[in-house]
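This report concerns only the one structure given below.
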Amino acid sequence: MILSDYKDFQRQGRILGIDWGQRRCGIAISDEKRDFVFVRPQINIKNQQELLTAVLDLIKEEKVVGIVIGLPLHADGSDSLTTTMVREFADSLANNTELPILFIEENLTSASAEEEIGRKTISKIKTELDSLSAKIILENAIAMLKRI
């Protein structure tokens, strides 16, 4: 179920953070106490069904209790074409799991992730950037959850 408010989200347990992309999907997981966030290998996307299956498998493996998905909005807060695709992915995920799903605005997470990566080769950046973005998305969501 897609939630509109952080107040209705689980208070304990592992959270899955997702940075959705058309070709690659960044993944991060929190520990049960939500003190730490760990990157996982990104999922290279062949099609949306394979992505959905991979995410559902990860949810079971990691014993996830909730999901946070980065939502790419325009600077004025309006939806983009990518925003629509992210919402469609979240809808299909919600139709296949009972876990609560939250969106968090993801503006500038890729820039922050690039700073964290530092000077590396293009191929190294491509393999790490999306999951580091997912880590930042999840850390931001956890910070918001802890404030409530």
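Any read-out appearing in this document is the output of simple, stated calculations on the displayed coordinates, not a laboratory observation. Bear in mind that the values here come from a model prediction, so they are computed numbers and not experimental data. No Cβ is skipped: glycine too gets one built from the backbone with ideal geometry, and neighbour counts run over all protein chains shown.
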ask   = Using θ = phi - 60° and the Karplus curve 6.51 cos²θ - 1.76 cosθ + 1.60, what whole-Hz ³J(HN,Hα) does each residue of the stretch 24-35 get, with Gly and Pro shown as x?
value = 9, 10, x, 10, 9, 9, 8, 7, 5, 8, 6, 8
Length gained when the stretch residue 144-residue 32 is fully extended (0.36 nm per residue, less Cα-Cα span) = 38.7 nm
remark   = With x for Gly and Pro, the residue-by-residue ³J(HN,Hα) of the stretch 136-148, computed from phi through the Karplus equation 6.51 cos²θ - 1.76 cosθ + 1.60 at θ = phi - 60° and given in whole Hz, is 5, 4, 5, 4, 5, 5, 4, 4, 5, 4, 6, 6, 7
query = Among residues other than residue 1 whose Cβ falls under 15 Å from its Cβ, what is the net charge (Lys/Arg +1, Asp/Glu -1)?
reply = -2
ask   = Measuring from label point to label point, each 7 Å out along Cα→Cβ, what is the residue 7 to residue 22 span in nm?
value = 3.9
task = Please give the net charge around residue 17, taking every other residue with its beta carbon less than 14 angstrom from that of residue 17, where Lys and Arg add +1 and Asp and Glu add -1.
result = -3
